[in-house]
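One structure below.
The values are calculated or read from the model by the stated rules, or taken from the named source; none is laboratory data. For clarity, every value in this text was computed on a predicted model and none was experimentally measured. Positions of Cβ are backbone-derived with ideal geometry, glycine not excepted, and every protein chain shown enters the neighbour counts. Side chains included, ligands, DNA and RNA excluded: accessible areas come from the protein's heavy atoms. Shrake-Rupley method; radii C 1.70, N 1.55, O 1.52, S 1.80 Å.
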Number of protein chains: 4
Amino acid sequence: MRERLYSLLNGDGRAAMWYGRVMTALIVASLLPLCFKGSSPVLESIEYVCVLVFIADYLARWATADLKVGKGGLSFLIYPFTPMAIIDLLSILPVFNALNDALRTLRVLRLFRALRAFKLIRYSKSTSAIAAVFEKQREALLAVLCLAIGYILVSALAIFNVEPETFNTFFDAVYWAVVSLTTVGYGDLYPSSDVGRTIAMISSLMGVAVVALPSGIITAGMLDELRGGGISD
Amino acid sequence: MRERLYSLLNGDGRAAMWYGRVMTALIVASLLPLCFKGSSPVLESIEYVCVLVFIADYLARWATADLKVGKGGLSFLIYPFTPMAIIDLLSILPVFNALNDALRTLRVLRLFRALRAFKLIRYSKSTSAIAAVFEKQREALLAVLCLAIGYILVSALAIFNVEPETFNTFFDAVYWAVVSLTTVGYGDLYPSSDVGRTIAMISSLMGVAVVALPSGIITAGMLDELRGGGISD
Amino acid sequence: MRERLYSLLNGDGRAAMWYGRVMTALIVASLLPLCFKGSSPVLESIEYVCVLVFIADYLARWATADLKVGKGGLSFLIYPFTPMAIIDLLSILPVFNALNDALRTLRVLRLFRALRAFKLIRYSKSTSAIAAVFEKQREALLAVLCLAIGYILVSALAIFNVEPETFNTFFDAVYWAVVSLTTVGYGDLYPSSDVGRTIAMISSLMGVAVVALPSGIITAGMLDELRGGGISD
Amino acid sequence: MRERLYSLLNGDGRAAMWYGRVMTALIVASLLPLCFKGSSPVLESIEYVCVLVFIADYLARWATADLKVGKGGLSFLIYPFTPMAIIDLLSILPVFNALNDALRTLRVLRLFRALRAFKLIRYSKSTSAIAAVFEKQREALLAVLCLAIGYILVSALAIFNVEPETFNTFFDAVYWAVVSLTTVGYGDLYPSSDVGRTIAMISSLMGVAVVALPSGIITAGMLDELRGGGISD
């Protein structure tokens, strides 16, 4: 019985395929209420149905954790802390909070419900080649991320101390640095003094190199993938 | 007779080459009236001449569909649904609508006439190498497009629920997400709260990786093309 | 005598090297007056000295054109139409116009003087490897440029006809399309209607692919260059 | 004794590892006071402790310079001019200035303290692969930087002379050129005349190629690194 449940949730058979399709549709449906400002009985009932299914799915996955993780009874303790289980749990949790309608700050928690969309990755195969590239180059991409974060913090520190009249808090300076490094540049925050602009110029020019790094790493990984791992042999 | 018409439309001979050049000139000419706000007799007559020629071209291509598609009588039914035929038809259609001058909403339909420019692709050879790269990597690029759209929707959902005061509708949030992911960043819409800015930062940083993907795929395809397909062998 | 002049202008000897350095310094000096709004006697005298040297350089190069082009007497007719000679001439011309101080529109012509800086390319060697990549991939880059220009014109046509209230002239729409495609996005012009924003979104997303093309072509060329032309063999 | 000090500062042993970790923590701690506008006794004492440790670290490194540089007594003269020693010194210096609290312009000097963060590079290993790519391609990246700077100056010259009403000083024009070339585009400065916009368009389009160059160079270097230097053999 549990074996059949497991194969339904994780297998490749026809029933599992249909289960995946229904879940995908439910995930998309559950995101609908987030796209409207008000609330209507229809949207609310969609939400409650979806969450009930997700809770059942979560419990079913937990109940078959030993077949997935493969470490006997210990699996039931390990499973809730695997990345996918955490995402599943976070996508259900906001509803428990939503029962307590008085708190306005709950709106921020609704953010986690958006994570439901990432569940789609579990049910699609077209992204597996790209995921493989990210997986293989994970270490290099993490190093670039560290470098980028360090670079952002240094830029933010520099601009924050040079132009305190433009940037009220350090957070503002970090926001400016990220928006500049990624070359988005909304224009809501920008330096106005000459020293600040000089820092912005150096920051932007070096930012081109920092942005070129993930591009280079991903391209190299792509080529590696295309050649069937010929480079790493 | 139909064979000669077919070779004129699709062949490599001298007459076909000149027919292509005249059509290219007419397509460019037919776009001229779209570049001016008002309307003058000269622009209108240019438009009517061009459209008449395009209708003749469309009918001639349809009449020789069996030679192109090569499935006998069935070809005449299949041809109007091939991508190129649909573009051809859409580039003629707005004129029929234009006869009914009263409707102001027709202005949106004029947009389809801009598709005429894509007809140029049919008559140029310089873009064939680039088209080959896109063709070969079509699946990977489609997967990236799906990933990017999913990513945009998640970003839009997150920002829309965190900052409802900035984004009036979900469409506004999607527009913001696209403008941020592609790093255009006009600055007409941007988050103003700290939570919203945090989402914008995470979104922008991950966006760099998403934008690096098509770049990597196209570069890998370019190298493949340069080497004469040596990778895929 | 003319042979020695030729080797001074184009050779690799010590005198030629020093001549190159002095010319580089003069080019940089001649750009100084362009960096200030007003005019001072010092800046004006710098300008006149530089232009006199440039005229002498231009005439000397013309007088030794047969040794450079190598087509006998015909060389003197061909030389003024070679790209480098045209740049040299354009960098001298504005001064003749400057004698006629009354015309305000001359300010636009001063723009051509900025071309003097490109003369620096003639005297540097560090850019030759990069130039080789551009040279080899010239055809592909030209095809991309054509594609990008076509794409810009189509985007501009679409937005101009959908949002005539935002874009006064077709030129405005082209400017918007370029600023969006290159992801600069100043924010001085942006669509405000829903249809316009949809066009902006499609345009930006496809723009990512268009911008990825030169990146891919240049990277492929770089690799080719690094391997000593191994790909093209 | 000096040998043991040297191995503590530069070695691979357990003590050296812990010294590195403590220094990293101190560097991060020393950056904290820069993230707040006001000043508190806690932040000030953190700062003084950190600087005292950094001065001790600087002197200890100087005292063991002969073991590092390996040129006998001359090493003590060479060491203070090595890049890392200059960064170390600059990260201490502002404090000496800070003793003189009256000067407001000291705020600019605090900028150098941000350089402390770069010290982190000395103690991390994850960035070494990326550093190797930058090291190998240093010449090509420098050539691109020269090209980019030349390109920025030419763009700035052109726009400054065409639109003097928008750009007050040449510095403004350079700032605009950098923000445009790197495609940040804040929108605080942009051309408003048709000629200025034409220059902005040409500048942006060519900028795409200039920005693609470092990307291409870094990708080629990445591939080289992945293959274990197979290209350069």
Can residue D:182 be described as surrounded by 22 or more Cβ atoms within 10 Å (Cβ to Cβ) and touching a residue at least 24 places away in the same chain (Cβ under 8 Å)? yes
Condition first: under 20 Å from residue A:92 (Cα atoms), in contact with a helix residue (DSSP H, G or I) (Cβ under 7 Å, 6 or more places away or on another chain) and in a loop (DSSP other than H, G, I, E, B). Can you find one or more residues in the stretch A:21-36 that meet it? yes
Mind listing whichever residues of the stretch A:23-50 are among the aliphatic types (A, V, I, L, M) and surrounded by 11 or more Cβ atoms within 10 Å (Cβ to Cβ)? A:23, A:25, A:26, A:27, A:28, A:29, A:31, A:32, A:34, A:43, A:46, A:49
Looking at (1) at the interface with another protein chain (Cβ under 7 Å from one of its Cβ atoms); (2) within 22 Å of residue B:185 (Cβ to Cβ), which is the one condition that is false for residue C:176? (1)
Of those in the stretch C:49-69 that are over 12 Å from residue C:10 (Cβ atoms) and aliphatic (A, V, I, L, M), the residue modelled with the lowest pLDDT is C:51
Residue A:167, sole failed condition from (1) among the aromatic types (Phe, Trp, Tyr); (2) at the interface with chain B (Cβ under 9 Å from one of its Cβ atoms); (3) surrounded by fewer than 24 Cβ atoms within 10 Å (Cβ to Cβ): (2)
Those residues of the stretch B:25-44 which are touching a residue at least 60 places away in the same chain (Cβ under 8 Å) and closer than 21 Å to residue B:62 by Cβ amount to B:27, B:30
Is it true that some residue in the stretch C:90-100 is away from chain D (no Cβ under 14 Å), over 26 Å from residue D:166 (Cα atoms) and at pLDDT 75 or above? no
When residues of the stretch B:204-224 are limited to those that are open to solvent by less than 10 Å² (accessible area, probe 1.4 Å) and within 11 Å of residue B:182 (Cα to Cα), the one farthest from the other protein chains (Cβ to nearest Cβ): B:207
Flag for residue D:187 being assigned to a helix (DSSP H, G or I) and farther than 14 Å from residue A:201 by Cα: no
Of the residues in the stretch B:51-61, those that are in contact (Cβ under 8 Å) with a residue 12 or more places away in the chain and surrounded by fewer than 17 Cβ atoms within 10 Å (Cβ to Cβ) number 4
Taking the stated definitions as given, is residue B:174 surrounded by fewer than 20 Cβ atoms within 10 Å (Cβ to Cβ), assigned by the TED database to the domain that holds residue B:220 and touching a helix residue (DSSP H, G or I) at 6+ places or on another chain (Cβ under 8 Å)? no
Just one of (1) within 29 Å of the chain's Cα centre (by Cα); (2) touching a residue at least 12 places away in the same chain (Cβ under 8 Å); (3) open to solvent by 50 Å² or more (accessible area, probe 1.4 Å) trips up residue B:156, so point out which. (3)
Only one of (1) at the interface with another protein chain (Cβ under 7 Å from one of its Cβ atoms); (2) part of a helix (DSSP H, G or I) is not met by residue A:155, so which one is it? (1)
Filter the stretch B:185-203 for residues that are at the interface with chain A (Cβ under 7 Å from one of its Cβ atoms) and either β-branched (Val, Ile, Thr) or free of Cβ contacts under 8 Å to residues at least 24 places away in the same chain (or both); the one that is least open to solvent (accessible area, probe 1.4 Å) is B:185
Kindly indicate whether residue C:190 is within 30 Å of residue A:219 (Cα to Cα) and aromatic (Phe, Trp, Tyr). no
Since residue C:39 meets every condition but one in (1) closer than 18 Å to residue D:154 by Cα; (2) part of a loop (DSSP other than H, G, I, E, B); (3) among the small types (Gly, Ala, Ser), which condition does it not meet? (1)
How many residues does the stretch C:65-82 contain that are assigned to a helix (DSSP H, G or I), without any contact (Cβ under 8 Å) to a residue 60 or more places away in the chain and within 27 Å of the chain's Cα centre (by Cα)? 10
Going through (1) closer than 24 Å to residue B:179 by Cα; (2) open to solvent by less than 30 Å² (accessible area, probe 1.4 Å) one by one, residue A:161 fails only at (1)
Hey, can you tell me all the residues within the stretch A:9-18 that are surrounded by fewer than 17 Cβ atoms within 10 Å (Cβ to Cβ) and either assigned to a helix (DSSP H, G or I) or under 19 Å from the mean Cα position of the chain (by Cα) (or both)? A:10, A:14, A:15, A:16, A:17, A:18
